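Note sheet for the following structure.
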Amino acid sequence: SSTCSTVSDEETSASPSTANTSRASGDDKTGNITPTDNDVLLGRGRPFLRHPANHLLRTMVADKSREYDKASRSDKYDIAKDIVAAIHKKGGRFLKLNATTGLWWEVAWGVARDKVAHAFRKRRELDLAKDRKAKARQQK
């Protein structure tokens with residue numbers, strides 16, 4: 001007897017233009033995904049922050065943050081799309097752990113873009129917090 005988990009099409013499908021068609025080196029023949037250093041891992045906590053591709057994503061976001069903050073909504077979409085494409089071009093994927101099965105799966109392209117957009121919002125929050133602390137120190 002085998003266990004099978006059901007996930008929605010949105011969770012498993014990736015845009016044809018950005019999906020990796022070949023198996024990553026860490027994947028086995030059954031289709032189980034093993035994350036590599038090129039894969040962005042969706043999740044919370046220190047292990048995710050320290051993962052190499054998540055660090056690369058934050059660096060890419062930092063490099064584009066001023067441009068993103070000044071951009072129109074459609075330009076923000078394009079900037080986030082370009083970052084997702086750059087991760088894919090490096091052989092990376094955006095992966096999420098299924099808590100029920102313990103298996104990793106590649107999220108849909110839109111979910112990956114949302115992850116990048118969230119990284120820009122988080123970056124802005126951190127920058128604003130730093131500015132508030134600096135102003136508070138100056139007033140003392």
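So the values come out like this:
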| item | result |
| --- | --- |
| Helices (runs of 4 or more DSSP H) completely within segment 17-102 that count 3 or more residues being at pLDDT 95 or above and surrounded by fewer than 18 Cβ atoms within 10 Å (Cβ to Cβ) | 52-70, 73-89 |
| Number of the condition not met by Glu11 [criteria: (1) open to solvent by less than 50 Å² (accessible area, probe 1.4 Å); (2) modelled with pLDDT under 65; (3) not in a loop (DSSP other than H, G, I, E, B)] | (1) |
| Filter pass, Lys130 being more than 24 Å from Ile33 (Cα to Cα) and of a type outside the set (Gly, Ala, Ser) | yes |
| Answer from Asp131, Asp114 - the residue that is of a type in the set (D, E, K, R), out of contact with any strand residue (DSSP E or B) (no Cβ under 7 Å at 6 or more places or on another chain) and surrounded by 14 or more Cβ atoms within 10 Å (Cβ to Cβ) | Asp114 |
| Positions within segment 104-132 being basic (Lys, Arg) and under 20 Å from Arg58 (Cβ atoms), in sequence order | Arg113, Lys115, Arg121, Lys122, Arg123, Arg124, Lys130 |
| Yes/no for Arg123 being free of Cβ contacts under 8 Å to residues at least 40 places away in the same chain and closer than 20 Å to Glu67 by Cβ | no |
| Residue tally, condition of a type in the set (Asp, Glu) and farther than 17 Å from Leu126 by Cα, over segment 33-90 | 5 |
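The values are calculated or read from the model by the stated rules, or taken from the named source; none is laboratory data. Not measured: the values here are computed from a predicted model. Cβ coordinates were reconstructed from backbone atoms using ideal geometry, including for glycine residues, and neighbour counts include every protein chain displayed. Surface accessibility is based on the protein's heavy atoms, side chains included, excluding ligands, DNA and RNA. Shrake-Rupley method; radii C 1.70, N 1.55, O 1.52, S 1.80 Å.
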